[in-house]
Amino acid sequence: MKAFYMIRLVAFLSLVFCLTFSMSAQHDHAGHDHTGHDHSGHDHAGHDHGTAKAGADDSHEGCGHAHGGEFDVAATAMHHISDANVYSIGPLQIPLPVMLKSDDGWKVGMSSMFHPDLLGHGDGHVAVDKYVLQGGIVKRVQDASFPMGEVKVKGFRHDKKDNSYVCTGDAEYLLDPKSTADGGLFGGGITSFMDFSLTKNVTSMLLVCLFLFWIFRKAAKAYNNQDGVAPKGLQGMLETFVVFIRDEVAIPFVGNKWEKYFGFLLSVFFFILGLNLYGQIPFFGGSNVTGNLSVTLVLALLTFIITTVSGNAHYWKHLLVAPGIPLLVKFIIIPVEIMGMFIKPLTLMLRLFANITAGHIVMVVFIGFIFIFGKSGESVGGALGASVGSALLTMFMMALELIVALVQAFVFTMLTASYFGAATEEVEHH
Amino acid sequence: MLFTLLEFNPIKPDFGLIFWTTLIFLIFWFLMSRVAFTPIKNALKKRENDIQDALDQSKKAREELATMKADNAKMQAQANEERAQILQQAKDMKNSIITEAKDKAKDEANKIVANAKLEIDNQRKAAVTDIKNQAGIMAIEIAESLLKKNLKGDAEQEGLVNTLVDKFNLN
């Protein structure tokens, strides 16, 4: 018994050691063990270390300059939860289709056209029609004088204001991130191009949806083929969820008209649950799809549209007239109710986004302990010690995240159902 | 510092991702409702109805069985009663037959006895008649013989009559 335990411990430790080693190995040609990622202005593997050109006044380091800095856990976490134009599994960068729209027209292809290292950080070595790939994300050179076609890239640089620059050997150019719809609220905005690529998140979504479609089609067929037989296997497992959503969510929260909304509720539930769980699969890219505001925004918007469209006379009367309430109170109640109409889907959007993103960040941070305690490769003992602690913490976190995945899918579905229920309620309760 | 320094992509609503999410989710919703959710919902409803029907039917069958059992018991009780009645009737009949037969036999015996008595009476009467006839005949014979004999004195006549009477008495 004890021997078995020892074997397991040794196997576990050697696995952790191998991982530590393999993650640092990719930085070997940078001349030192640098296990962090490249978003904090440090250099990284796979780049030419030509003559550095200090382009901007506020930069500490030159573009493409090798620099063994500290491991920045926050930057790593942010990098890992971001959407990207490559699908990265560990150091492996799988190219994905890109579809880019700028004033110069559409640019369609694979992200491999930027020639990133297959094992690396997703930094392209070539700029194509002003587009570059930095950290797996497509960006565009702002400068109008930058030539179209392929241009060799020497490196990238970040400054303190979150501006990225690309070095082409002779000059440094400011990069535009893709356009976002936040209007500058979260540091985004409309820039010189839009990205309609099949990104990592879109790919994950497609994979999960296809998988769900496949298993549900199989289960639905079983109802026909084995009519009158007790459900078992896959059919039995999925039925548990379907019956749960029907009996605990749709019927109690929506009421009599539940059948009309059942398809949407189940789609939302399984879409969220599937993507939540997909993001938890180790060594599978850790896609943060439901932790992306764009995705939760679409889901919340659909909930809002369906609620508004199916709102009956009673719902609107309750909202806009507030019958049975004293006139003076009405001045407070009605604006609050109208605000609530928009706040409800907003909270839906933010709750799911925040929960899943937080889970992913915590996971990356726990794994980041290995590199913090290992002092970016200087202290192997520290890294090994932290590996054990980090593995235990991460395992705990993963167990917690499994619960969060289920709970968040359930909460989103349940609240959606309750909004539908409020919109279609017939009984006068004043 | 964190958010100003770092590119925090997930919070920025991205046109491409919004577009693809909308498209993928709408197709997913449509296909899943058509291929899986509606058929599963209907199949579940059908199964639940089937189960309810089966339960109702078994309840009905149980009730029917119970009423049938009660009927059987009633019928059995009735049959028992009838059997008892029939037996009683048979017993009564037997008794009455026996009594009747006895009465008849008694009557018959009485009749026979009466007939016998009558016969005896008749025989006796016939015998008496016969005796009377014979006595008459004897008296006539005696008288004849008396008349035939010469009556010699009263003493002799007397003696003769006495002997004759004695003779007659002997008979």
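Taking the number of other C-beta atoms within 10 Å as the exposure measure, put A:H158, A:H115 in order starting with the fewest.
A:H115, A:H158
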Exercise. Determine the dipole magnitude for the range A:233-349: charges of +1 sit on the beta-carbon of Lys and Arg, -1 on that of Asp and Glu, nothing else is charged, the reference point is the Cα centre, and the result goes in debye to the nearest 20.
Key: 340
Quiz item: At a Förster distance of 25 Å, what's the computed FRET efficiency of B:T163 paired with B:V128, Cβ-Cβ distance as r, to 0.05?
Solution: 0.50
Quiz item: Can you list the lysines whose alpha carbon sits under 27 Å from that of B:K74, skipping same-chain ones fewer than 8 residues off?
Solution: B:K59, B:K60, B:K91
Quiz item: For the range B:13-170, with the dipole built from +1 on Lys and Arg beta-carbon atoms and -1 on Asp and Glu ones, taken about the Cα centre, which of B:A79, B:A139, B:I24 lies farthest toward the positive end?
Solution: B:I24
Practice problem: Going by C-beta contacts inside 10 Å, put A:E337, B:E63 in order with the fewest on the left. | Solution: B:E63, A:E337
Quiz item: Could you give P(r) for the range A:313-394, binned at 10 Å from zero, as whole percent values over all Cα-Cα pairs?
Solution: 16, 23, 15, 12, 12, 13, 8, 1
Quiz item: Kirkwood hydrodynamic radius (Cα pairs, Å) of the range A:115-244?
Solution: 18.4
Practice problem: Return the FRET efficiency for the residue pair B:E48, A:I190: r is the Cβ-Cβ distance, R0 is 45 Å, and the value is rounded to the nearest 0.05. | Solution: 0.25
Quiz item: Roughly what would the spin-label model give for A:K375 and B:T38, points 7 Å off Cα along C-beta, in nm?
Solution: 6.7
Self-check item: Net charge dipole size for the range A:119-174 [Lys, Arg +1 and Asp, Glu -1 on Cβ; Debye, nearest 20]
Solution: 120
Quiz item: Residue farthest toward the positive end of the dipole of the range B:66-171, with Cβ of Lys/Arg at +1 and Asp/Glu at -1: which of B:V128, B:A105, B:G159?
Solution: B:A105
Quiz item: Can you list the residues, at least 5 places off or on another chain, whose amide H is less than 5 Å from the amide H of A:D176, using H built in the peptide plane?
Solution: A:R140, A:V141, A:Q142
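Can you tell me the FRET efficiency between A:L206 and B:A66 if r is taken as the Cβ-Cβ distance and R0 is 41 Å, rounded to the nearest 0.05?
With a Förster radius of 41 Å, E is 0.10.
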Quiz prompt | Paramagnetic reach from A:S310 in the range A:398-430 [backbone N under 16 Å; point 7 Å along Cα→Cβ] | solution = A:412-427
Exercise. Quick one: of B:K46/B:K69; A:K154/A:K178; A:K317/B:K46, which pairs are farther than 28 Å apart, Cα to Cα?
Key: B:K46/B:K69; A:K317/B:K46
Self-check item: Principal axes of the range A:202-424: Cα extent on each, largest first, Å
Solution: 71, 57, 26
Self-check item: Those lysines that a straight Cα-Cα span of less than 22 Å connects to B:K125, excepting residues fewer than 8 apart in one chain
Solution: B:K111, B:K117
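Throughout, read-outs are computed from the coordinates displayed, never taken from laboratory work. Nothing here was measured: the structure is a model prediction, and the numbers come from that model. Heads up, the Cβs are rebuilt from the backbone with ideal geometry, glycines too, and the neighbour counts pull from every protein chain shown.
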